[in-house]
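**Q** This is the structure I want to talk about, given as structure tokens.
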Amino acid sequence: DSGVTQTPKHLITATGQRVTLRCSPRSGDLSVYWYQQSLDQGLQFLIQYYNGEERAKGNILERFSAQQFPDLHSELNLSSLELGDSALYFCASSVGEGGPWETQYFGPGTRLLVL
Amino acid sequence: GNSVTQMEGPVTLSEEAFLTINCTYTATGYPSLFWYVQYPGEGLQLLLKATKADDKGSNKGFEATYRKETTSFHLEKGSVQVSDSAVYFCALESGGGADGLTFGKGTHLIIQP
């Protein structure tokens, strides 16, 4: 158990809808990262928040947005969903701002199915 | 940009066999290198890491050495067990954390008794 929690575990929705995925980092960790794992694209970094502020941006679509709240939990919002958004979404956390010397600890993931 | 290349498999071995999973990378700066493991139905767990050239990461009998001259970070284990069956991801993080982790496609390892 990494200490990172994600809810819900599974989500089934329809095209065009909007969903929110939630992540609670390990106690004391200030950074939260979001990753998407799909069969065709593999594991891709989406976005990082550090202490409430956006820190780094990866391959995140404009239809997707995230935020980190004062209690450090984070939410990933996915809107105008398409079939291709079906994937496993992972959250990870690390103690500081990130970078090559920090270890990221991953949650169990949220499996999203868009029908 | 950064990239990681690893054999995708599946790789099927018998119990107690020697394991090598190759990983090579392209990166700017001086990245740290990681191996993560994903067991069925679970998230990723850090297996080992190395933060500079010639460092050797090791954990649970697995080892990998950061080779800057060949830009490689191959994963090895002397004697695999059925419980090692999982998907293994090689990853890198370059300086500044601006890109998050860059992952390879993953190698599915199957160990048969």
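**Q** From the phi of every residue in the range A:54-64, what ³J(HN,Hα) in whole Hz does the Karplus formula 6.51 cos²θ - 1.76 cosθ + 1.60 yield, where θ is phi - 60° and glycine or proline is x?
**A** Result, ordered by residue: 5, 10, 8, 10, x, 8, 8, 6, 5, 6, 9 Hz.
**Q** Now for a separate question. List the residues whose amide H sits under 5 Å from the amide H of A:Gly96, counting only those 5 or more places along or on another chain, with H placed 1.01 Å from N in the peptide plane.
**A** Amide H to amide H, under 5 Å and 5 or more residues apart or across chains, A:Gly96 pairs with A:Leu30, A:Ser31.
**Q** HN-Hα J couplings of the range A:39-45 from phi, Karplus 6.51/-1.76/1.60, θ = phi - 60°, integer Hz, Gly and Pro as x?
**A** 5, 8, 9, x, 8, 10, 6
**Q** Moving on to the next point. Leaving out ligands, DNA and RNA, calculate the buried accessible area for the pair B and A with a 1.4 Å probe, summed over both sides, in Å² to the nearest 100. Show your work: numbers first, answer last.
**A** Details: alone 5920 and 6290 Å², together 10590 Å².
Adding both sides of the contact gives about 1600 Å².
**Q** First compute the accessible area of chain A with a 1.4 Å probe, then give the percent of it belonging to carbon and sulfur atoms.
**A** Details: 2650 of 5470 Å².
On chain A, the fraction of accessible area on carbon and sulfur atoms equals 49 percent.
**Q** Still on this model: In chain B, what is the count of Lys pairs whose alpha carbons are under 18 Å apart, counting only pairs at least 8 residues apart or on separate chains? Write down the numbers at each step before the final one.
**A** Values: B:Lys49/B:Lys60; B:Lys49/B:Lys68; B:Lys49/B:Lys77; B:Lys49/B:Lys105; B:Lys52/B:Lys68; B:Lys56/B:Lys68; B:Lys56/B:Lys77; B:Lys60/B:Lys77.
Lysine pairs meeting both conditions in chain B amount to 8.
**Q** Using the Kirkwood radius over Cα pairs, work out the Stokes-Einstein diffusion coefficient for chain B at 37 °C and 0.692 mPa s, in µm²/s as a whole number.
**A** Details: Rh = 14.0 Å.
Translational diffusion coefficient: 234 µm²/s.
**Q** Another question, then. Averaged over peptide A:94-105, how many Cβ atoms belonging to another chain are found within 10 Å of each residue's Cβ? Present the calculation step by step, with values, prior to reporting the outcome.
**A** On the way: counts 2, 0, 1, 2, 7, 7, 17, 7, 3, 5, 9, 4.
The mean count of partner-chain Cβ atoms within 10 Å per residue comes to 5.
**Q** In a Gaussian network model over chain A where Cα atoms closer than 10 Å are linked, find which of A:Asp40, A:Asp29, A:Asp71 has the largest mean-square fluctuation.
**A** A:Asp40
**Q** Which of the peptides A:86-93, A:98-105, B:22-29 is most tightly packed, and how do the rest follow, judged by the mean count of other Cβ atoms within 10 Å per residue?
**A** For the peptides A:86-93, A:98-105, B:22-29, the packing ranking is A:86-93, A:98-105, B:22-29.
**Q** Just the accessible area per residue of the range B:1-56, please: how many Å² with a 1.4 Å probe? Walk me through the numbers before you get to the answer.
**A** Working: 2860 Å² over 56 residues.
Accessible surface, normalised per residue, equals 51 Å².
**Q** A further question on this structure: Hey, got the average number of other protein chain Cβ atoms within 10 angstrom for residues in B:30-43?
**A** Numbers: counts 1, 1, 5, 1, 3, 0, 3, 0, 6, 0, 0, 4, 5, 14.
Partner Cβ neighbours, averaged per residue: 3.
**Q** Percent relative contact order of chain B, based on C-alpha pairs within less than 8 angstrom and at least six residues apart? Mind dumping the intermediate values first?
**A** Numbers: 296 pairs, mean separation 41.4, N = 113.
For chain B, the relative contact order is 37 percent.
**Q** Rounded to the nearest whole Å², what accessible area per residue is found for chain A with the 1.4 Å probe? Before the final figure, lay out the partial values.
**A** Values: 5470 Å² over 115 residues.
With the other protein chains kept in place, chain A gives 48 Å² per residue.
**Q** Would you mind giving the mean number of other chain beta-carbons within 10 Å of the Cβ of each residue in A:27-39, as a whole number?
**A** Mean number of neighbouring Cβ atoms from other chains: 1.
The values are calculated or read from the model by the stated rules, or taken from the named source; none is laboratory data. Every value quoted in this text rests on a predicted model; they were computed, and no experiment measured them. Cβ coordinates were reconstructed from backbone atoms using ideal geometry, including for glycine residues, and neighbour counts include every protein chain displayed. Heavy atoms of the whole protein, side chains included, go into the accessibility calculation; ligands, DNA and RNA do not. Shrake-Rupley method; radii C 1.70, N 1.55, O 1.52, S 1.80 Å.
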